[in-house]
Amino acid sequence: MFFQSKFVSSLEKVFCRQNLTCKEIYTVSGARGEKIAFQLVCQASEITHIQIDYELPWADQDIFAIREVGLVPSFNPAVADDPYIISSEPGLYPDPLLKMQDNRTRISAKNWHSFWCSVDIPQNMSPGKYEIKFHIFTPQDLKIWLPPEMHHYTSIIIEVLPFELPEQQLICTNWFHYDCLAIKYNVDIWSEEYWKLLEVYFQNMVAHGINMIMTPLWTAPLDTAINEERPTAQLLQIKYFNNEYQFDFSRLERYLQLAKKCRFKYFEMPHAFTQWGAKACPKIVAETASGNNEKIFGWHTAANSAEYRNFLQSLMPQLLQVFKKYDLNKENTFFHISDEPTDKMLQEYSYASNLLRQLIENYPLIDALSHVELYRQGVIEIPIPTVEVIDDFTDENLPQRWLYYCGCNYKNGVPNCAFGMPSIRNRIIGILMYIYQIEGFLHWSYNFWFSQNSLNYDLDPYKDPEAGKGFTGGDVCRVYPGDNGPVDSLHYEIFAEALQDLRALQLLEKKIGREKVVELLHCGISPLKCSNYPKDNDWLLKVRSRINQAIMEN
């Protein structure tokens with residue numbers, strides 16, 4: 001039986017096809033405290049069961065992991081007229097990183113298959129070169145027909161560099177959808193089983209550089225069709241009798257304790273008004289005189305209603321006292337008004353902004369905002385523009401510089417993480433955030449497993465990773481639901497690598513100054529910006545190598 005294997009970089013996307021054009025690699029390097037990755041790719045002449053064993057040069061076996069790069073169907077992997085894509089054709093695209101039982105799997109005939117290998121380098125590991133040896137063979141204890149016995153050996157060198165990455169400075173949030181978790185695992189929200197799941201997912205987020213968490217005081221008014229609602233995901237326990245509100249913060253306090261245990265450093269509150277213009281109130285439920293939980297606010301309540309203003313006036317002083325108890329302060333806690341308002345919604349947005357600002361004691365307000373004119377009107381303190389329009393905001397005197405991307409951003413090859421895009425367009429975001437001096441990054445979904453506008457909850461993201469064909473593949477979730485916790489994705493791991501690039505650049509800046517770092521990054525490219533950067537993997541890998549070398553030399 002013919003069998004071959006190669007190692008390729010984490011930036012390659014390996015499709016289940018007979019041809020492989022990826023460049024082979026022999027060494028992967030990383031700093032202490034950095035998680036590095038590479039792909040072991042295999043091809044056999046016939047359908048073959050394989051087992052992948054490995055020999056590690058370290059006593060701690062847990063720092064290494066190998067997962068199969070799974071394939072998911074995509075109807076909309078990229079926009080056809082985008083000039084920098086792999087393909088916009090529907091098909092099977094590599095994304096979920098699947099654990100293998102006993103490191104066994106089955107590969108198809110004559111097609112290439114990929115296995116994602118990662119090394120979580122300990123901070124105290126001695127610098128030097130280490131060899132990982134692989135033994136790929138056909139297991140002979142299968143209870144089906146046995147393939148011809150095959151033994152294949154290969155190895156790769158891991159180089160641990162003599163420096164440690166600094167702590168992440170960037171504030172990074174990927175919105176967690178609490179109702180999606182409850183629905184997908186068929187558990188009651190805030191049940192003990194739910195809290196256990198939540199902790200596993202929180203730990204996964206922090207391990208990937210997500211250090212800010214959307215805190216569901218009430219069900220976040222995000223991706224919800226007008227006059228429809230999402231399942232209730234509300235931490236606040238409210239009683240409403242005789243036109244008075246009573247608040248029980250015990251569930252919120254448990255949540256904050258868990259989030260801090262999982263090492264979240266920043267917190268954001270759900271939007272206080274509905275998406276795309278602040279016309280109505282979010283869904284909020286309370287126990288009423290009937291003894292039942294009822295929806296007291298929602299699409300049926302205008303944003304400028306006296307009732308909602310009274311609610312916020314009652315809530316905020318007590319809420320802020322809880323915040324102070326848990327050290328949620330003006331440096332680490334943010335409020336939202338309404339997601340992505342347009343200039344046509346200035347009146348409603350201005351009302352909502354003014355009301356909230358009166359009540360939150362100068363806690364900062366942030367919102368995704370793609371129209372610089374709205375910021376100039378003074379209705380938001382910290383705008384979060386998309387990668388497409390970031391240059392409109394570069395000359396503004398912002399208290400903090402933020403950035404986001406989502407599935408609608410495709411012009412001029414700007415960064416994104418769609419299935420049909422090369423991974424460099426995902427990982428380049430770390431270098432570009434350094435260039436733009438970005439302090440915060442937002443992505444709208446860590447785990448959105450509903451259809452667009454949340455009209456259908458019963459979706460399988462392994463079969464429909466595009467929210468009912470509503471978005472491009474790669475946009476709606478960073479992780480897939482696994483049996484006992486999250487299943488990472490290829491594009492999620494690449495984004496985490498981008499955050500490590502940013503940390504390496506910040507370390508180098510401390511050694512040689514920002515001006516020289518920027519000069520190193522440009523190196524024949526001017527200007528380096530979201531709409532202008534090289535689109536080949538070698539360039540980025542060589543840039544990171546130059547960064548590493550400069551750190552070691554200085």
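Some points to look at:
- Coupling constants for the range 78-86 follow from the phi torsions by the Karplus curve (6.51 cos²θ - 1.76 cosθ + 1.60, θ = phi - 60°), and in residue order they are 5, 7, 4, 8, 6, x, 10, 10, 7 Hz; glycine and proline get x.
- Centre separation in Å (Cα based) which lies between the range 254-316 and the range 211-225: 10
- The H on the amide N of Ser29, modeled in the peptide plane, is under 5 Å from the matching H of Glu159, each at least 5 residues off or on a different chain.
- Net length gained if the chain between Trp58 and Tyr326 were fully extended (0.36 nm per residue, minus Cα distance): 92.5 nm
- Separation of the range 325-350 from the range 92-131 is 41 Å, based on Cα centroids.
- Percent RCO, i.e. relative contact order, over the range 248-360, from Cα pairs under 8 Å lying at least 6 residues apart: 35
- For the chain, the mean residue ellipticity at 222 nm estimated from helices alone is -8000 deg cm²/dmol, where every DSSP H run of n ≥ 4 contributes -39500 (n - 2.57) and the total is divided by all residues, rounded to the nearest 500.
- Table column - 3J(HN,Hα) (Hz), the range 399-405, Karplus curve with 6.51, -1.76, 1.60, x for Gly and Pro: x, 8, 9, 10, 7, 8, 9
- Simple spin-label estimate for Tyr457 and Glu149 gives 5.4 nm between the two label positions (7 Å along the Cα-to-Cβ direction from each Cα).
- Annotation: amide H of Phe297 within the under-5 Å range of Ile284, sequence separation 5 or more or interchain, hydrogens built in the peptide plane.
- Expressed to the nearest 5 percent, the antiparallel share of DSSP beta bridges inside the chain is 70 percent.
- Listed by chain and number, the aspartates and glutamates whose alpha-carbon sits under 14 Å from that of Lys239, ignoring those within fewer than 8 places in the same chain, are Asp248, Glu287, Glu294.
- The DSSP beta bridges internal to the range 384-489 are antiparallel in roughly 50% of cases.
- For Ser445, net neighbour charge (Lys/Arg +1, Asp/Glu -1) across residues whose Cβ lies under 13 Å away: -4
- Look at Thr232, Thr48 and count the other Cβ atoms within 10 Å of each Cβ; fewest to most, that gives Thr232, Thr48.
- Under the Karplus curve 6.51 cos²θ - 1.76 cosθ + 1.60, θ = phi - 60°, whole-Hz ³J(HN,Hα) for the range 238-248, x wherever Gly or Pro sits: 10, 10, 10, 10, 6, 6, 10, 10, 10, 10, 10
- Charge tally for Trp116 (other residues, Cβ to Cβ under 9 Å; Lys, Arg +1; Asp, Glu -1): -2.
- Spin-label model distance (nm) - Gln123 vs Ser531, 7 Å beyond Cα toward Cβ: 4.2
- Loop sites by DSSP among the chymotrypsin sites (Phe, Trp or Tyr not before Pro) of the chain, restricted to those with at most 11 other Cβ atoms within 10 angstrom, leave 146-554 as the longest stretch without any of them.
- Flagged links, alpha-carbon separation over 32 Å, of Lys196/Lys265; Lys184/Lys344; Lys133/Lys196: Lys184/Lys344; Lys133/Lys196
- Entries of Lys23/Lys110; Lys324/Lys510; Lys13/Lys463; Lys110/Lys535; Lys261/Lys325 with Cα pairs more than 23 Å apart: Lys324/Lys510; Lys110/Lys535
- Relative contact order %, the range 321-393, counting alpha carbon pairs below 8 Å whose residues are six or more apart: 30
- Relative contact order [Cα under 8 Å, 6+ residues apart], the chain, whole percent: 16
- The length gained on full extension between Lys511 and Ser108, counted as 0.36 nm times the residue separation minus their Cα-Cα distance, comes to 140.1 nm.
- Among complete DSSP H helices in the chain, those whose alpha-carbon atoms stretch at least 27 Å along the helix's long axis and whose mean Kyte-Doolittle hydropathy reaches 0.0 are 490-512.
Every number here is computed from the coordinates shown, using simple stated rules; none is lab data. Since this is a predicted model, take the numbers as computed values, not measurements. Counting neighbours? That spans all protein chains shown, and the Cβs are built from the backbone with ideal geometry, glycine included.
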